[in-house]
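*Asks:* Starting off with a structure, shown below.
We did not get these values from a lab; they are worked out from the coordinates using the rules stated. In this text the structure is predicted, and so the values were computed from the model without any measurement. Please note: Cβ atoms are built from the backbone with ideal geometry, for glycine as well, and neighbour counts cover all protein chains shown.
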Amino acid sequence: MSNPNTSIATFGAGCYWCVEAVLVQVPGVLSMSAGFMGGHIDNPTYEAVCAGITGHAEVLQVEFDPGIISYRELLGWFWKLHDPTTLNFQGGDVGTQYRSAIYFHDAQQETEATESRKLADASGVFENPIVTEITAASTFFRAKEDHQDYYRQNKDQGYCRMVIQPKLEKLGLEY
């Protein structure tokens with residue numbers, strides 16, 4: 001993810017498999033990596049993150065073409081693809097690793113994320129206040145290969161059928 005004509009966005013919105021299944025379908029999104037950010041140890045394992053002992057969030061790091069989709073438009077997808085009003089859980093996924101978070105990579109992203117959160121909070125779409133944290137991006141730790149492109153490779157797995165497919169249907173996306 002180092003093309004000079006692309007940008008990087010990093011989002012925590014619950015399970016990274018769910019986020020990836022949505023954003024892979026968005027025009028202008030070029031590539032993604034599921035992984036971890038925001039914790040206090042190097043090279044965390046999936047098991048340690050899930051146990052809640054590393055402080056990391058499950059995140060999706062997204063490479064996108066700003067000539068096709070803007071960061072602001074990606075933020076619009078972020079607000080739609082999860083519930084940003086629940087602290088440290090999404091659906092049945094519970095723990096700080098599932099927190100709602102935007103990790104900004106520069107001052108412009110910080111400004112746009114903050115403005116977007118204010119607009120989303122004031123929109124009336126959400127019954128409760130938004131609890132999404134907006135934090136400077138730190139070291140990204142890529143998850144193991146079997147966690148990448150998980151939904152497409154495991155559509156018949158129970159979690160995919162019961163959690164991801166309904167989310168895609170709700171957003172009017174293919175599955």
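*Asks:* Amide H to amide H under 5 Å from Ile68: which residues, 5+ apart in sequence or cross-chain, H placed 1.01 Å off N in plane?
*Replies:* none
*Asks:* Just grab the label-to-label distance for Asn43 and Asp146, each label 7 Å out from Cα along the Cβ direction, in nm (one decimal).
*Replies:* 1.9 nm
*Asks:* Still on this model: Under a Cβ-Cβ cut-off of 13 Å, what is the net charge of the residues other than Arg161 that fall near it, where Lys and Arg count +1 and Asp and Glu count -1?
*Replies:* Working: positive: Lys155, Lys167; negative: Asp156, Glu169.
Overall, the nearby charge balance is 0.
*Asks:* For a paramagnetic label modelled at 7 Å from the Cα of Lys170 toward its Cβ, which residues of the stretch 4-19 fall within the zone defined by backbone nitrogen distances under 16 Å?
*Replies:* So the set is 13-19.
*Asks:* Compute the separation of the alpha-carbon centres of the stretch 74-111 and the stretch 1-58 and state it in Å as a whole number.
*Replies:* Comparing the Cα centres of the stretch 74-111 and the stretch 1-58, I get a distance of 11 Å.
*Asks:* Grab the other residues whose beta carbon is less than 14 angstrom from that of Val131, score K and R as +1, D and E as -1, and report the net. Please report the intermediate quantities before stating the final value.
*Replies:* Numbers: positive: Arg99, Arg117, Lys118; negative: Asp83, Asp121, Glu127, Glu133.
Residues close to Val131 contribute a combined charge of -1.
*Asks:* Could you check the spin-label model distance between Met162 and Ser138? Points 7 Å from the Cα along Cα→Cβ, value in nm.
*Replies:* With each label placed 7 Å out from Cα toward Cβ, I get 3.3 nm.
*Asks:* Another one. Would you work out the charge dipole size for the stretch 1-122 about its Cα centre, treating the Cβ of every Lys and Arg as +1 and the Cβ of every Asp and Glu as -1, and quote it to the nearest 20 debye?
*Replies:* On the way: 5 positive and 14 negative charges, 41 e Å.
Once rounded to the nearest 20, the dipole reads 200 debye.
*Asks:* What length, rounded to one decimal in nm, is gained on full extension from Glu115 through to Asn88, with 0.36 nm per residue of separation minus their alpha-carbon distance? Intermediate values should be presented prior to the final figure.
*Replies:* Working: separation 27, 0.36 × 27 = 9.72 nm, distance 2.21 nm.
Answer, rounded to one decimal: 7.5 nm.
*Asks:* Sort out the exposed loop GluC sites (Glu not before Pro) in the chain (DSSP loop, at most 10 other Cβ within 10 Å) and tell me the longest stretch that has none. Kindly include the intermediate steps, with their values, before the conclusion.
*Replies:* Details: sites that count: Glu127, Glu174.
Excluding the exposed sites themselves, the longest stretch runs over 1-126.
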